[in-house]
Amino acid sequence: MRIAILDLGTNTFHLLVTSVNKNGVWKKVFKSKSVVKLGEGAIHKNEIAPIPFRRGIKALEHYKKIIDIHMPEKVFAFATSAIRGATNGHDFVAMAKEKTGIEITVISGEKEAELIYLGVRQCISLNDQPVLIMDIGGGSTEFIIADKDKIFWKHSFNIGAARLLEMFRPSDPILPAEISSIETFLSNELAIMVDAVEKFKPEHLIGSSGSFDTFAEMIGYEFYNRNVISDKNSYSFKIDEYLKLHEKILYSTAMQRNLMKGLVKMRIDMIVMATICTSMVLNKTDIKKMTLSKYALKEGALSMVISGKA
């Protein structure tokens, strides 16, 4: 059986087409992502602006053509923060249905966190020791504390990289006072996450999705002159290398970051917000180990569809 999963995020739309055998084991048939930047210009006002709105619909029309080529028996589309939080999000869902026939399910932040966990669990061998999973999106950031069997705590915060950019609009390069303001804001927002970490005591941070992919790619070119994740689904960071990259990002201009290998244009500004947030998590906890999981929401959604729970 073939199953298509659409993960409709704030920054990117992802399409994953898979072939699933009778034992529920899947393999990739087709995978793609499109930069849509749904939050551009209006996410801080809880709207999808006209240009990103059209861009998102156009991306779905393109994906519908690809889906039709692969002829999956099931198609599941999940929308997250930008569509979930927008006053015209229901208009986007209706337009998508009208133009493509694709039914979009808008999921809650808590459901998003659950699906991220199910995706990460397929990629990283978890054990009985709780881990802290962090997924930095454009509109929201999810945190999950879990082990191989269950979730102990989860929460979705409206502190995605695109949302933070629109809120703070930092200078280029970002000023120390601006960093301090962002850190103060994040410290207040993430207080309940820090409390949960103190309660469950995870010692390992697992980062999923684009920002952590980018950190790994940039570290690869900065320290090893190669892409260290091109043929891998996970990557173990050296914390000292990440912290050196963090400093380099903070002291750079957008023009300088544009020349950094491993950093795609879409993330030139957002990576500043992402690294401030990640660094704060490391500073506020005793976590000394950090790993990338390339699997996240779409793989988690796929596992739920396979199990018949979607």
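The values are calculated or read from the model by the stated rules, or taken from the named source; none is laboratory data. Bear in mind that the values here come from a model prediction, so they are computed numbers and not experimental data. Virtual Cβ from ideal backbone geometry, glycine too; neighbours counted across all protein chains shown. Heads up: the accessible areas ignore ligands, DNA and RNA and are worked out on the full protein's heavy atoms, side chains in. Shrake-Rupley method; radii C 1.70, N 1.55, O 1.52, S 1.80 Å.
Residues Cys123, Cys277, ordered by accessible area of protein heavy atoms at a 1.4 angstrom probe radius and largest first, appear as Cys123, Cys277.
About its Cα centre, segment 68-112 has a charge dipole of approximately 60 debye under the convention of +1 per Lys or Arg Cβ and -1 per Asp or Glu Cβ, with nothing else charged. Packing order of peptides 193-204, 264-275, highest average first: 264-275, 193-204 (average count of other Cβ atoms within 10 Å over each peptide's residues).
When you count the other C-beta atoms within 10 angstrom of each residue and take the mean per peptide, 71-80, 216-225 line up highest first as 71-80, 216-225. Placing unit charges on the Cβ atoms only, positive for Lys and Arg and negative for Asp and Glu, gives segment 92-192 a dipole magnitude near 220 debye about its Cα centre. Available extension along the chain between Asp231 and Asn283 is 15.7 nm, counting 0.36 nm per residue and deducting the alpha carbon span. For the listed residue pairs Lys45/Lys261; Lys265/Lys294; Lys33/Lys97; Lys150/Lys284, the alpha carbons are over 28 angstrom apart in Lys45/Lys261.
Reducing segment 62-80 and segment 91-169 to their Cα centroids gives an inter-centroid distance of 20 Å. For Asp147 and Phe30, compute 0.36 nm times the residue count separating them, minus their Cα-Cα distance, and round to one decimal in nm. Roughly 39.1 nm would be gained on extension.
Take 303-309, 23-29 and order them by the average number of nearby Cβ atoms within 10 Å per residue, most first; the result is 303-309, 23-29. For His204, the amide hydrogen comes within under 5 Å of the amide hydrogens of Leu132, counting only partners 5 or more places away or on other chains and with H modelled in the peptide plane. Along segment 44-49 the Karplus relation, 6.51 cos²θ - 1.76 cosθ + 1.60 evaluated at θ = phi - 60°, assigns HN-Hα couplings of 5, 9, 6, 9, 9, 5 Hz to successive residues, with x for each Gly and Pro. Spin-label model, Thr87/His44: points 7 Å from Cα along the beta carbon direction are separated by 1.7 nm. Using R₀ = 45 Å, calculate the FRET efficiency as 1/(1 + (r/R₀)^6) where r is the Cβ-Cβ separation of Ser181 and Ile69; round to 0.05. Between Ser181 and Ile69 the formula returns 0.40.
Looking at the chain alone, DSSP beta bridges between its own residues are antiparallel in about 65 percent of cases. Select from Asn188, Thr80, Phe13 the residue farthest towards the positive end of the dipole of the chain; place +1 on Cβ of Lys and Arg, -1 on Cβ of Asp and Glu, and compute about the Cα centre. The one lying farthest along the dipole's positive direction is Phe13.
In this Cβ point-charge picture (+1 for Lys and Arg, -1 for Asp and Glu), segment 158-302 has a dipole of about 360 debye about its Cα centre.
Computed over the chain, relative contact order equals 19 percent, with contacts defined as Cα pairs under 8 Å that lie 6+ residues apart.
When the chain is described by a simple charge dipole with +1 on each Lys and Arg Cβ and -1 on each Asp and Glu Cβ, the residue from Phe53, Phe152, Leu243 located farthest towards its positive end is Phe53.
From its DSSP helices (H runs of at least four residues, each -39,500 (n - 2.57)), the chain gives a residue-normalised ellipticity at 222 nm of -13500 deg cm²/dmol.
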